Amino acid sequence: MDDRSTDIFGPVEENSDDSVEEQEKFDISSIFKEKLEVEDDKPDYDPWRPLRQKVGHDLKELYWNEIQQFLDRGKSQTCAKNAAFNALLPVWRGLRLRRTYLKRLKWIHRIKLDTVHRKVMKTLRRFIEDDMEFDEAAESAVENGNSC
């Protein structure tokens, strides 16, 4: 086994001075970090919301096609939108939401078997035992996950 550390995207390459400068220019994690902090740090955060949004995004084209069909039949814009929503609701609730949930549930099961995830969780538990709040401990454990 080689001595390079690993992250969720695969082996981490040794950084040269040029790649460090490129990383400083384009730090993608900072772009997403803001959105995630705003989204899931709220006290009334709904864990099902991202799942529903993904399913809604997946059905967007189908929704607009349904609206067009109702408009072609002479319905008003509002009536067509309502009818399309009602027509797709069983699909949204049943099939797509359950399938998306099942995919994520399987991913959760597989990630629990992953070596990097286990190291992060070990670090997380240690931080919590040291009286850190969960959110702070989780962020620190993820940031320090490869150095366990």
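The values are calculated or read from the model by the stated rules, or taken from the named source; none is laboratory data. What you see is a predicted model; the values in this text were computed from it and never measured. Here the Cβ positions follow ideal geometry from the backbone for every residue, glycine too, while neighbour counts run over all protein chains shown.
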Original post:
If we scan segment 87-105, do we find a residue that is within 30 Å of Y63 (Cα to Cα) and touching a Phe, Trp or Tyr at 6+ places or on another chain (Cβ under 8 Å)?
Top reply: yes
Among residues of segment 107-148 being over 27 Å from L51 (Cβ atoms) and hydrophobic (A, V, I, L, M, F, W, C), the residue modelled with the lowest pLDDT is C148
Taking segment 66-101 and keeping only residues that are among the hydroxyl-bearing types (S, T, Y) and closer than 19 Å to L51 by Cα, one is left with T100, Y101
For segment 53-97 the number of residues that are within 21 Å of the chain's Cα centre (by Cα) and either surrounded by 12 or more Cβ atoms within 10 Å (Cβ to Cβ) or outside any helix (DSSP H, G or I) (or both) is 9
*asked:* Considering only segment 38-49, I want to know if a residue exists there that is in a loop (DSSP other than H, G, I, E, B), surrounded by 10 or more Cβ atoms within 10 Å (Cβ to Cβ) and at pLDDT below 50.
replied: no
P90 passes all but one of the listed conditions (1) touching an Asp or Glu at 6+ places or on another chain (Cβ under 9 Å); (2) at pLDDT below 90; (3) not small (G, A, S); the exception is number (1)
Look at R126 and say whether it is loosely packed, with under 15 Cβ neighbours inside 10 Å, among the basic types (K, R) and in the same structural domain as R49 (by TED's automatic domain parsing). no
